[in-house]
């Protein structure tokens, strides 16, 4: 029997044009993680302007949500999923790219502001609070030039060779938050 439901949102931009972009690290991580846990016959479906799938994770039920709006409009889809499943912000886990971390670093944050991230900004506006946990996936900053062009560009060839383990670590971090709690997950994943 499940004891709680979590909404886990992977942020990115929709469509094949953006699929490999740094800004889609959150969506990539949630997709890989959810696909590992799907029972036979389960598949992603369209709902709340998102791709959605649900599965059991120990005693918890996970509703994985990939908003199919652009990044800066992610909040409504997350809010609709949370409202439908009566999930409070404390059990809305957002997985997103993080410019302020070097490529490959994964860490958990309990809540806070948006830090200039437009997806987080919109989710905070729609939930009415920033008090939700996040898994931050480091994409690094550009060596020079425009940050927007950087996040909307593909990972480099060298980064792509290391990307799958990074995405898997982000999924493991999300799982740790749900199974062991935010504090225990932070202690495990925020040391590096």
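Without any contact (Cβ under 8 Å) to a residue 24 or more places away in the chain and part of a loop (DSSP other than H, G, I, E, B) - does that describe any residue in region 76-84?
So the first thing to find is which residues in region 76-84 are without any contact (Cβ under 8 Å) to a residue 24 or more places away in the chain, and the list is 83.
Subset that is part of a loop (DSSP other than H, G, I, E, B): none.
No - not one qualifying residue is present in region 76-84.
Working only within region 43-55, note down all residues that are over 18 Å from residue 92 (Cβ atoms) and outside any loop (DSSP other than H, G, I, E, B).
Passing the criteria: 45, 46.
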Might you let me know whether region 126-144 holds any residue that is assigned to a helix (DSSP H, G or I) and either modelled with pLDDT under 95 or within 19 Å of the chain's Cα centre (by Cα) (or both)?
-> yes
Please verify whether region 156-167 includes one or more residues that are over 26 Å from residue 17 (Cα atoms) and at pLDDT 95 or above.
-> no
Quick one: which residue in 50, 74 is crowded, with 18+ Cβ neighbours inside 10 Å, over 23 Å from residue 155 (Cβ atoms), modelled with pLDDT of 95 or more and in contact with a helix residue (DSSP H, G or I) (Cβ under 8 Å, 6 or more places away or on another chain)?
-> 50
Could you say which residue among 94, 87 is over 22 Å from residue 14 (Cβ atoms) and buried (at least 19 other Cβ atoms within 10 Å of the Cβ)?
-> 87
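Tally time: how many residues in region 5-42 are outside any helix (DSSP H, G or I), in contact (Cβ under 8 Å) with a residue 12 or more places away in the chain and surrounded by 13 or more Cβ atoms within 10 Å (Cβ to Cβ)?
Taking region 5-42 first, the residues outside any helix (DSSP H, G or I) are 5-21, 38-42.
In the following step, the residues that additionally are in contact (Cβ under 8 Å) with a residue 12 or more places away in the chain were identified as 5-14, 18, 20-21, 38-39, 42.
Keeping just the survivors that are surrounded by 13 or more Cβ atoms within 10 Å (Cβ to Cβ) gives 5-14, 18, 20-21, 38, 42.
Count: 15.
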If we ask which residues in region 111-125 are more than 20 Å from residue 87 (Cβ to Cβ) and assigned to a helix (DSSP H, G or I), their number turns out to be 2
Residues satisfying the stated conditions in region 147-161, i.e. surrounded by 13 or more Cβ atoms within 10 Å (Cβ to Cβ) and assigned to a helix (DSSP H, G or I) = 150, 151, 159
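Touching a strand residue (DSSP E or B) at 6+ places or on another chain (Cβ under 7 Å) and over 26 Å from residue 190 (Cβ atoms): which single residue out of 120, 152 fits that description? Don't jump to the end; show me each part of the working.
Values: 120 fails: over 26 Å from residue 190 (Cβ atoms).
After applying the criteria, what remains is 152.
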When region 85-110 is examined, which residues are found to be part of a loop (DSSP other than H, G, I, E, B), touching a helix residue (DSSP H, G or I) at 6+ places or on another chain (Cβ under 8 Å) and farther than 23 Å from residue 149 by Cβ?
-> 87, 88, 110
Subset of region 173-183 [free of Cβ contacts under 8 Å to residues at least 12 places away in the same chain, at negative phi and either surrounded by fewer than 13 Cβ atoms within 10 Å (Cβ to Cβ) or touching a strand residue (DSSP E or B) at 6+ places or on another chain (Cβ under 8 Å) (or both)] = 183
Checking residue 191 against (1) modelled with pLDDT under 95; (2) assigned to a helix (DSSP H, G or I), the condition it does not meet | (2)
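The values are calculated or read from the model by the stated rules, or taken from the named source; none is laboratory data. Note that the structure is a prediction, hence the values are computed from the model and not measured. Note that we place each Cβ from the backbone using ideal geometry, even for glycine, and neighbour counts take in every protein chain shown.
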